[in-house]
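The values are calculated or read from the model by the stated rules, or taken from the named source; none is laboratory data. On a predicted model such as this, the values are computed, not experimentally measured, just so you know. Here the Cβ positions follow ideal geometry from the backbone for every residue, glycine too, while neighbour counts run over all protein chains shown.
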Amino acid sequence: MTPDTAATAFTHSVRVWDPFVRLFHWSLVSCVLLNQFVLHEGEAAHTRVGYLAGALVLARVLWGLIGSRHARFADCLPTPGRLRRHVAALRQGRPPRHEGHNPLGALMMLFLMALVLALGITGWLQTTDAYFGEEWLMELHEWLANGLLVAAALHGIAAIVMGRLERVNLVRAMVTGVKRFY
Ligand code: HEM
Ligand code: HEM
C-alpha cells in the first residue's frame, strides 16, 4: 500500500464547529483587524467595535458552558495533564489529531480572548472621568493591542502548520464547520 492509499483509507469527516463558533471567530477577527488598522482612536466606531469584540468573547464564554460538544470548555480546557501529554506526543514526532481544539491551541484561544477583554476594559477606563487622559493607560492599551496582533499572527501560522502536520485543514474547518481528516 502506498502512503497515499494508506492516507485515503483513513479519510473521514467530522462536523466539529457549530455555526455560533464560526460566526464568533470570523466576527472577532474582523473586529480586531478593524480596530487595529482601520478605525482609530477618537472615532466612535473604534469604541463600538471594541465593545462588540468584548461582547462576542463574553457570549463565547457562555457558549463554552452550554454550547455544542467541541465548543465546551470541558472538551478543550488546557489542563496541565492534557498539555503535558500533548507536548510529549509532539516531541515524539507524532502530532495527535483532535476533533476539537488541541490543548496548546486552546491555551492560545484563552489568551487571545483575555487580551480582547483587557482591551475592552482599558479602552473603557479611558472614557471615565477618573482615568481620562492617563498616559500609562493609553500605553497599556496599545501594548495589549500589539500583543494581540503578534499572538494572533502566531495563532494563524500555527493553525496552518499544525493542520499540515495533522493532515486536516483546520482553517477550512473553521469556515465549513467540518474537519476532514485525510
Ligand atoms: C485577530 C485575529 C484572531 C483572533 C483574535 C482569533 C481567535 C481565535 C479564537 C478565540 C479561537 C477559538 C474558537 C472557538 O472555539 O470559539 C480560534 C480558533 C481558530 N482560529 Fe483564530 N483568531 C484570529 C485569527 C485567525 C486567523 C488569521 C486564522 C487563519 C489563518 C485563524 C484560524 C483559526 C482556527 C483554524 C481555529 C480553530 C483551531 C482548531 O481547530 O483547534 N484564526 N481563533
Ligand atoms: C478589539 C479591541 C480593541 C483593539 C484591537 C484596539 C486597538 C487600539 C489601537 C491599536 C490603538 C492605538 C492607536 C489607534 O489605532 O488609534 C487604540 C487606541 C485607543 N483605543 Fe482601542 N482598541 C480596542 C478596543 C477599544 C475600546 C473598547 C475602547 C473604548 C471603549 C477603546 C478606546 C481607545 C482609545 C481612547 C484610544 C486612544 C488612546 C490610546 O492609545 O490608548 N479601544 N486602540
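Tabulated values for the structure
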read-out: Residue pairs meeting the criteria (Cβ under 9 Å; at least 6 apart or on separate chains; first farther than 16 Å from residue 101 by Cβ, in region 148-160; second more than 7 Å from ligand 1 (Cβ to nearest atom)); value: 148/36; 148/115; 148/118; 148/119; 149/36
read-out: Residue count for region 7-56, restricted to those that are touching a strand residue (DSSP E or B) at 6+ places or on another chain (Cβ under 9 Å) and either of a type in the set (Val, Ile, Thr) or within 8 Å of ligand 2 (Cβ to nearest atom) (or both); value: 3
read-out: Residue identified as away from ligand 2 (no atom under 16 Å from the Cβ), surrounded by 12 or more Cβ atoms within 10 Å (Cβ to Cβ) and in contact (Cβ under 8 Å) with a residue 60 or more places away in the chain among 105, 100, 120; value: 100
read-out: Every residue from region 31-67 that is surrounded by 15 or more Cβ atoms within 10 Å (Cβ to Cβ), without any contact (Cβ under 8 Å) to a residue 12 or more places away in the chain and under 22 Å from residue 156 (Cα atoms); value: 64
read-out: Residue tally, condition in a helix (DSSP H, G or I) and either within 20 Å of residue 137 (Cβ to Cβ) or in contact with a Cys (Cβ under 8 Å, 6 or more places away or on another chain) (or both), over region 20-51; value: 10
read-out: Flag if residue 90 is surrounded by 15 or more Cβ atoms within 10 Å (Cβ to Cβ), at pLDDT below 95 and not in a loop (DSSP other than H, G, I, E, B); value: yes
read-out: Criterion violated by residue 171 - all others in (1) near ligand 1 (Cβ under 10 Å from one of its atoms); (2) under 11 Å from the mean Cα position of the chain (by Cα); (3) assigned to a helix (DSSP H, G or I); (4) closer than 24 Å to residue 62 by Cα satisfied; value: (2)
